[in-house]
Amino acid sequence: MTPDKILVLLGGAGTIAFIVWFFWLAKKEGVKAGLTPSGYQEAMILVKGGYTPDVIRVEAGTPVRLKFRREETSSCSEMVVFPDFQKSAQLPSGEVVVMELLPKTKGTYAFQCQMGMLHGKLIAE
Amino acid sequence: MAGSGAGLITNARHGIQAAVRDAGDRVSEPGAPGAGEAGRSDEEREYRSLMRKWWFGAAIGAFTMIFSYPWLFPVLREWLPRGSESVRALWMVMGVLSLAVLIYSGSQFFTGMWASLRTRQANMHTLIAFGTSVAWIYSTIAVLFPRLFPEEGMTEVYYDVTVVVTALVVLGLAMEIRAKGRTSEAIKKLIGLQAKTARVLRDGAEVDVPVEEVAVGDVVIVRPGDKVPVDGVVVAGSSAVDESMITGESIPVEKREGDEVIGATINKTGAFRFRATKVGADTALASIIRMVQDAQATKVPIQRIVDVVSGYFTPAVIILAIVGFVVWYLFGPAPALTYALVVAVTTLIIACPCALGMATPMSLTTGIGLGATHGILIRGGEALQKAKELTTIVLDKTGTITHGKPALTDVIVTNGIADDEALRLAAAVERSSEHPLAQAIVEGAEARGLGIGDAADFRAIPGHGVEAAVDGRRVLLGNVKLMRDRGIDVETLEPQARRLADAGRTPMYLAVDGRAAGIIAVADTIKADSVEAIIALRRMGIEVVMITGDNVRTANAIAREVGVERVLAEVLPQDKAHEVQKLQLERRVVGMVGDGINDAPALAQSDVGFAIGTGTDVAIEASDITLIKGSLRGVVTAIQISRATMRNVYQNLFGAFIYNSVGIPIALGVLYPFFELLLSPILAAGAMSFSSVTVISNANRLKRFRPTVSAA
């Protein structure tokens with residue numbers, strides 16, 4: 001095997017290992033929603049190519065207010081869907097859309113765009 | 001229905017609106033009609049922007065396609081021979097132009113990739129951005145440092161791939177927007193039904209006001225041809241109102257004083273005034289819109305599996321592309337680097353996680369929207385999937401198969417009392433009763449023009465009947481048990497009572513001053529379309545069961561008339577849920593159709609609860625599917641829609657799965673050893689765009705669905 005082939009083989013194996021770690025193994029910390037004086041746990045989510053932050057940690061049993069602000073016109077992200085809460089919202093670009101949810105029990109509640117391309121998680125602890 | 005915490009949300013919203021207004025933002029509430037309109041103009045803007053990007057990419061794409069291989073064209077071959085400096089100079093220009101395409105036309109892929117890397121979630125943008133940028137970087141290295149490549153053949157450029165792939169995928173996105181717009185047409189149509197203005201009575205004068213300003217209690221004036229602006233009750237005048245847009249009922253409904261009118265329906269000929277009872281977000285139309293939007297946000301259970309697959313899909317494609325690159329580099333024919341690169345790029349481009357992700361939501365949105373246009377509100381994906389699997393439908397007799405409103409049918413007399421006198425006495429007693437059968441007798445007497453007297457000492461004996469004094473006479477009305485308890489001999493009347501019961505009527509014995517006086521019979525009449533719907537259900541292979549509190553004989557008579565074979569009679573209201581459960585234990589998937597409060601537990605127990613919309617809010621709350629119009633044909637249509645939608649979901653999933661599992665291996669070059677066939681990245685881009693548009697178009701095909709038994 002020539003040196004260039006060995007290099008390609010090793011490089012390929014290394015990149016695959018990195019991808020496996022990067023997308024699947026590395027743990028995401030997420031952002032903890034702040035508590036407002038009105039008793040809501042609140043977080044602002046930027047919608048641009050994805051949800052930032054995409055993991056929001058909240059306390060179960062306390063109402064959650066998520067403020068989505070979409071800063072793009074790509075149609076993929078025009079709607080956010082919370083299947084577990086049977087709630088969805090159109091996100092007009094440039095506007096803040098407020099979603100109010102009550103995660104009654106502990107668990108992970110996923111949210112996503114309608115086409116399932118962008119994903120996020122609401123983790124109730 | 002939806003929105004139990006609406007007040008909380010509204011109050012909270014004002015606070016946020018104030019807070020965010022300071023920051024210079026606009027706040028909107030999810031699902032507000034305004035949000036929908038903004039969404040539409042966003043959509044239009046995005047479509048136009050994508051089309052601009054496509055034309056820019058396409059124009060440069062045509063140029064790069066030709067000049068990447070000028071030696072293939074006889075005219076250009078002499079001017080631009082392979083390996084010449086002039087070709088290299090041209091390629092440099094192409095490199096700059098294709099970079100412009102990547103930056104302008106492909107910007108969303110790169111912002112998407114950046115976001116996906118930050119959130120560690122790969123998606124379609126990641127694949128396209130990787131694919132096109134790898135092709136561009138390789139080409140640029142080949143142009144700038146040709147000596148790095150040992151063979152002349154390797155110094156080819158792939159700027160055409162970069163540009164054409166970007167352009168094609170952008171065109172695909174634009175087509176998706178158009179197709180997706182059609183998918184959610186139903187909800188847009190519903191939002192569009194809302195009246196803009198209302199003519200109300202203010203300080204004695206008729207004034208036109210925006211519909212948002214109509215308050216509960218306002219008297220609204222509706223002229224011929226006007227749209228009814230909000231929900232209310234008619235206080236003066238009468239007219240026929242076309243309610244087809246809400247109920248699916250095509251024949252206009254007569255409205256007179258005391259009748260309810262629904263906002264967004266259209267007044268036909270007459271003029272009337274009504275008092276507004278529900279405005280804004282409380283109207284029937286607003287509830288329907290909210291329910292449909294919420295339902296469209298749910299998932300079909302099968303999608304949970306798809307979601308798991310999707311989570312692994314995109315990184316797996318990147319890994320496969322790397323594996324392809326390494327294998328072709330190590331074992332492929334010369335020029336190995338070129339082949340390896342083409343294989344890797346093609347694999348990245350052809351994979352379509354979108355088709356997989358869109359397969360179910362697109363069909364679900366269309367299917368639920370389709371239901372709404374037929375007056376059928378489906379609560380979500382789970383109800384839709386279950387409705388497809390139903391093997392048994394349990395129909396509550398009263399109010400579902402029948403009108404739920406009994407009418408007087410027979411008056412039989414004995415011991416010398418006159419017909420009208422018997423009825424007059426019975427009606428006088430029943431006027432004090434709240435029993436639905438009582439009203440039928442009172443209405444029957446009124447229809448004959450009898451003057452109904454007053455009753456004294458009224459007493460209802462639960463499960464037996466009623467008694468009272470009328471004009472100084474003791475009148476008893478009830479079943480045979482009541483008569484026996486009081487020692488009244490009704491033996492001579494019993495055969496006639498049996499005959500009436502056999503015919504599905506409810507006979508009640510009448511006794512006056514301790515002697516049998518006759519039989520008063522009432523019957524609930526069968527809705528005109530019940531028989532048709534039951535035949536259709538049976539033809540669909542669904543067993544129809546009738547459940548009722550009536551005695552076996554009455555129940556069987558009705559069952560025979562409508563063609564139901566299995567009857568569960570004498571079931572107490574509280575036992576209905578238990579009967580449904582018993583059927584479920586027979587391994588049946590049970591749908592329950594009901595309308596009353598007492599049906600709510602059975603509706604909740606069943607696999608799919610259908611609330612006949614003429615019923616109570618409690619029943620609607622407990623149900624999975626609401627039929628706005630009180631016709632059983634809606635059940636047939638709902639099941640047909642669920643079957644059509646689920647078939648569409650499976651077609652889409654199958655298509656997306658087959659596309660990816662055939663496309664990716666071909667892109668990796670599995671056909672090369674046998675046929676020397678390798679897919680071009682440009683063809684891959686075309687296939688990828690086509691696959692997601694196909695999924696949406698297939699979902700749109702659902703809209704051509706026509707019910708075999710119309711809900712109208």
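None of the figures in this text is laboratory data; all of them are computed from the coordinates on show. The structure presented is a predicted model; accordingly, all values stated were derived computationally and were not measured. Neighbour counts run over all protein chains shown; Cβ positions are idealised from the backbone, glycine included.
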About the Cα centre, charge dipole magnitude for region A:31-124 (Lys/Arg +1, Asp/Glu -1 at Cβ), debye: 260 debye
To test your reading of the geometry: what angle, between 0 and 90 degrees and rounded to tens, separates the Cα axis of helix A:3-19 from the longest principal axis of chain A? 20 degrees
What nm value, rounded to one decimal, do you get for the distance between A:Met44 and B:Leu683 when each label is placed 7 Å out toward the C-beta? 5.0 nm
Cross-link pairs beyond the 19 Å C-alpha cut-off, checked among A:Lys32/A:Lys67; B:Lys196/B:Lys703; B:Lys299/B:Lys388; A:Lys67/B:Lys299; A:Lys67/A:Lys87; B:Lys227/B:Lys255: B:Lys196/B:Lys703; A:Lys67/B:Lys299
Taking 56 Å as R0, compute the FRET efficiency from the Cβ-Cβ separation of B:Arg182 and B:Asp208 and round it to 0.05. 0.95
In bins 10 Å wide, starting from 0, what share of all Cα pairs of chain B does each bin hold, as a percent? 3, 12, 17, 17, 15, 12, 9, 6, 4, 3, 1, 1, 0
Trypsin sites (Lys or Arg not before Pro) lying in DSSP loop within region B:194-296, provided at most 12 other Cβ fall within 10 Å: B:Lys196, B:Arg256
Residue of A:Pro83, A:Pro37, A:Pro92 that the Gaussian network model of chain A assigns the largest fluctuation, springs spanning Cα pairs under 10 Å: A:Pro37
Distance (nanometres) between label positions extended 7 Å along Cα→Cβ at B:Thr525 and B:Leu585: 4.1 nm
If you average the sequence gap of Cα pairs under 8 Å that are 6 or more apart and divide by the length of region A:31-124, what percent do you get for the contact order? 29 percent
Each label point is 7 Å from the Cα along the Cα-to-Cβ direction; what then is the distance between the points at A:Thr15 and B:Val670, in nm? 2.2 nm
The whole-number value in µm²/s of the Stokes-Einstein translational diffusion coefficient for region A:31-124, with Rh from the Kirkwood sum over alpha carbon pairs at 20 °C and 1.002 mPa s, is 164 µm²/s
Please compute the length gained on full extension between B:Leu99 and B:Leu572, using 0.36 nm multiplied by the number of residues separating them and subtracting their Cα-Cα distance. 162.7 nm
Quick one: compute the contact order of chain B, relative version, from alpha carbon pairs under 8 angstrom and 6+ residues apart, as a percent. 14 percent
Taking a quarter of the surface of the convex hull around the Cα atoms of the protein assembly as shown, what do you get in nm²? 45.3 nm²
Residue by residue through region B:294-309, which ³J(HN,Hα) values in whole Hz follow from phi under the Karplus form 6.51 cos²θ - 1.76 cosθ + 1.60 (θ = phi - 60°), with glycine and proline marked x? 5, 5, 5, 8, 8, 10, 6, x, 4, 5, 4, 5, 4, 4, 5, 4
In whole Å, what is the distance between the alpha-carbon centres of region B:165-211 and region B:517-545? 41 Å
